[in-house]
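What follows is a short report on a single structure.
The values are calculated or read from the model by the stated rules, or taken from the named source; none is laboratory data. Everything numeric in this text was worked out from a predicted model, so none of it was measured. As a convention, Cβ positions derive from the backbone with ideal geometry for all residues, glycine included, and neighbour counts pool all protein chains shown.
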Amino acid sequence: MRIAYDLSHARTGVGNYILGALKGMLAVDGDHELVAFGPVSIRGRATLERALGSLPLERKTVTVPFGHVVRRAWTAFGRPATERFIGDFDVLQFTDWMQPPQRGGIRATMIHDLGPLHFPGRLQRRTVRMHTANAEAAKRCDVVFTNSEYTAEDVMATIGVPRERIRVAYPGVDDAFTPHGARHDAGRPYVFTSATDEWRKNLAALRLALAEQDELALVALGDLGYVETAQLAALYRGAAVFVYPSRFEGFGMPVIEAMACGVPCVVSSHPSLDEASGDVAIRVEPEDPPALAAGVREALSRREELVSRGLEHARRFTWVETGRIHLRGYADAR
C-alpha cells in the first residue's frame, strides 16, 4: 500500500504518537510505501526533520510562512485534492490539525481524546474549533484510530462513529525510556510531573499537595518547557515519584514512559487513565490535594514493588504493535 500520512503535527504527545506509529508500520512490513506530507511552518521545519531523522519515508512536506493558516484554508476550501501534490495513494491519514481533501483511497484519522468537546469553556477556542472539526470529519472516515478503549467508547457515544470502524491502537514506549541512563539531579529528592498550568493537566492541585512536604522538591515539565526525549527520560529516572494529576486524558502516555524508566507512579483516578495505569499506579482523586500527598507517601513506601510491576506493565506497549494495528485497520477498510 502507498500510505499518505499527515506530518504537520510533529511535536508534543500527538507528534510522538505519529512518529511511533510510522516506525511501527515500517518495522512490521517495509514493503509499504509511506509518504510524509503536509504544510509546515518555517520554524517547524527543523523540528520535523529532526523528528523524522533517517526514517525511510518519502517526504512531500511543503514549507510555508504561516502553516496553521494554510492548513485551515486547505480544509475549508476542500481543494485541491491531496493527489495533486503527492500522486495517487491507497490510504490518507490526517491529524487533528487539518482535514485535507482526496479523490480516492481509504480515508483515516486518529482521535487521541475528546477533551475539547467535553470542556469547551476550559480550553482555547482555536483548540476547541480544531478538534470539533476533526470529530466531524471522523464521521466520514473509513477507519478511525483511538489510543484507548476509553476513547473508543467516547467516540462512539459522543460523535456517533460505529464501533466497527474504530480501531484501538495503544501508544508504544520509545527506546529511550529505560531505567538505565542519565538521571536528572535536582539537588534533593524530587517529585516529577509532566503536568502544566493548563486546567486539564491540574498542576495547581499538585503544587498544593506538596507545599508542606519540604523533604521533596517538585520538578514540573510545565515550568521547563519543551525538552528533548533524552532529557525527558533523565527527568523520569531521577525522580523519587512521578505524579500525573490530570482531570481527563485519552490515554496518558507519560504514565507508561515513567514506568518504563523505573519510577513509581501516582495517577489521577479518572477512568480515562485506567488503561495506562493498569493495576500498578497509586490512584488518587485529582481534586483532592491531601489525597495526592498521601499517594506520594504511599508510592515512596512501596517503591521497590511498584517499580518492578511498572516495568512489567510498560513492556506491553510497543510501537510495533501500534503499527500492526494501523496496517490491519487499513487492510480491513479496503
Report whether or not Gly172 is among the small types (Gly, Ala, Ser), out of contact with any Pro (no Cβ under 6 Å at 6 or more places or on another chain) and surrounded by 22 or more Cβ atoms within 10 Å (Cβ to Cβ).
yes
If Ile166 satisfies all but one of (1) surrounded by 16 or more Cβ atoms within 10 Å (Cβ to Cβ); (2) assigned by TED's automatic domain parsing to the domain that holds Tyr226, what's the number of the condition it fails?
(2)
If Ala195 satisfies every condition in (1) under 22 Å from the mean Cα position of the chain (by Cα); (2) assigned by TED's automatic domain parsing to the domain that holds Asp113 but one, which is the exception?
(2)
Taking Ile325, is it assigned by TED's automatic domain parsing to the domain that holds Met156, in contact (Cβ under 8 Å) with a residue 24 or more places away in the chain and not small (Gly, Ala, Ser)?
yes
Considering residues of the range 63-98 that are more than 24 Å from the chain's Cα centre (by Cα), surrounded by fewer than 15 Cβ atoms within 10 Å (Cβ to Cβ) and of a type in the set (A, V, I, L, M) only, the residue modelled with the lowest pLDDT:
Ala76
Let me spell it out: the conditions are (1) touching a Ser or Thr at 6+ places or on another chain (Cβ under 6 Å); (2) free of Cβ contacts under 8 Å to residues at least 60 places away in the same chain, and Leu218 meets all of them except one. Which number is the exception?
(1)
Here are the criteria: (1) more than 16 Å from the chain's Cα centre (by Cα); (2) in a loop (DSSP other than H, G, I, E, B); (3) of a type in the set (A, V, I, L, M, F, W, C). Tell me which single one Ala291 does not satisfy.
(2)
Residue hits (the range 135-160; more than 19 Å from Tyr330 (Cβ to Cβ), of a type outside the set (D, E, K, R) and in contact (Cβ under 8 Å) with a residue 24 or more places away in the chain) are Ala135, Ser148, Tyr150, Thr151, Thr158, Ile159
Within the range 222-237, track down each residue that is closer than 28 Å to Glu287 by Cβ and at pLDDT 95 or above.
Leu232, Leu235, Tyr236
Expected single match for among the small types (Gly, Ala, Ser), surrounded by 15 or more Cβ atoms within 10 Å (Cβ to Cβ) and not in a strand (DSSP E or B) among Ala108, Ala152 is Ala152
